[in-house]
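The structure appears below as structure tokens.
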Amino acid sequence: MLEGQGLATTVIGLVRLHMEKAANPRGLFVPFPLGRPLGEPGDLGFQRRVLLAALELLDRADGPVILADFPDDAPTQAGASGWRPACPLPPPVSPASPDGWEAALAAEIALVRPAWHQAQARFGRTTVGVTGLPPEAWPGFASAFFGPEHPAVPAGFVSAALALRFMADDLKAFYTEAAQATGPAPAPDQASAWLYRDTLAGRLLVALRAAALAGEDGAFKTAAGRFLVPVPFLPP
């Protein structure tokens, strides 16, 4: 529609197959992790290169479909050698009851929270807050899904399961932001590997997914089965 009205368009995409199927008039495929279409956060020079590469497609006349490949990975995509989180934690032990999960997660969040505040001071922002629930409310809300009765639906959500999906996003952001409070930036997979393999929060998300898939609640099964744990970190 935009092209038909004389407005030239260009698209930046992260999944090449999708771009091939969509067949936009102009598209730039970038080989970066999902959620980072311009590369690394804060790397203004590299982000400018990506934007200019996309805009330069507007000057080409070899259509009707142009699909170009950005030639480089993001500078720190490989991650920092020997990267360690800014908030090392004791080895996690999965509790055996909902109350145990609540207490253990609350204790771990208390250990992570100072680094999270330090990260906010370092970067001047946070992405935590999509549920509107503060961190101290997450342990009780999440652990309730292990019991026979799911928690009350938070304001602004149509179901507790949907709120859980977004609370998981808050939890992931809280931990991965805290992990970067000091030192070099990790690659996305480095931060995720630490979260899912070395923290109780990661074990909680895996356990919630398993509980959802074993139960009969369709909303819980969909939200937890699809959105809590990335495929590379699913248990064997």
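Where a number appears in this text, it was derived from the coordinates with a stated rule and is not lab data. Model, not experiment: these values are computed from the prediction. Glycine gets a Cβ as well: all are built from the backbone with ideal geometry, and neighbour counts include every protein chain shown.
Structure above, values below:
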| item | result |
| --- | --- |
| Principal-axis tilt of helix 200-214 within the chain, Cα atoms, nearest 10 degrees | 90 |
| Among Phe146, Gly124, Ser97 - extreme Cα towards positive end, dipole of the chain, charges at beta-carbon | Gly124 |
| Cα-based helix-to-principal-axis angle, 188-198 vs the chain, degrees rounded to 10 | 10 |
| Structure-derived Cα extents along the principal axes in Å - corresponding label in (i) 51, 40, 32; (ii) 64, 41, 35; (iii) 47, 39, 37 | (ii) |
| Mean Cα-pair separation over length for the chain, i.e. relative contact order, pairs under 8 Å, 6 or more apart, % | 19 |
| Selection from Gln47, Phe32, Leu17, by position along the positive dipole direction of the stretch 13-62 (Cβ) | Leu17 |
| Principal-axis tilt of helix 98-123 within the chain, Cα atoms, nearest 10 degrees | 40 |
| C-alpha center-to-center spacing [the stretch 117-161, the stretch 190-206] in angstrom | 17 |
| Column: log10 I(q)/I(0), Debye, Cα scatterers of the stretch 1-113, q = 0.13, 0.20, 0.22 Å⁻¹ | -0.67, -1.05, -1.18 |
| Packing-based ranking, highest mean first, of 185-194, 225-234 given that Cβ atoms within 10 Å are counted | 185-194, 225-234 |
| Check: the stretch 98-233 dipole with +1 on Lys, Arg Cβ and -1 on Asp, Glu Cβ, in debye | 380 |
| P(r), alpha carbons of the stretch 75-180 - 5 Å bins starting at zero, rounded % | 2, 12, 19, 21, 19, 13, 8, 4, 1, 0 |
| Spherically averaged projected area of the stretch 3-69 from its Cα convex hull (nm²) | 4.8 |
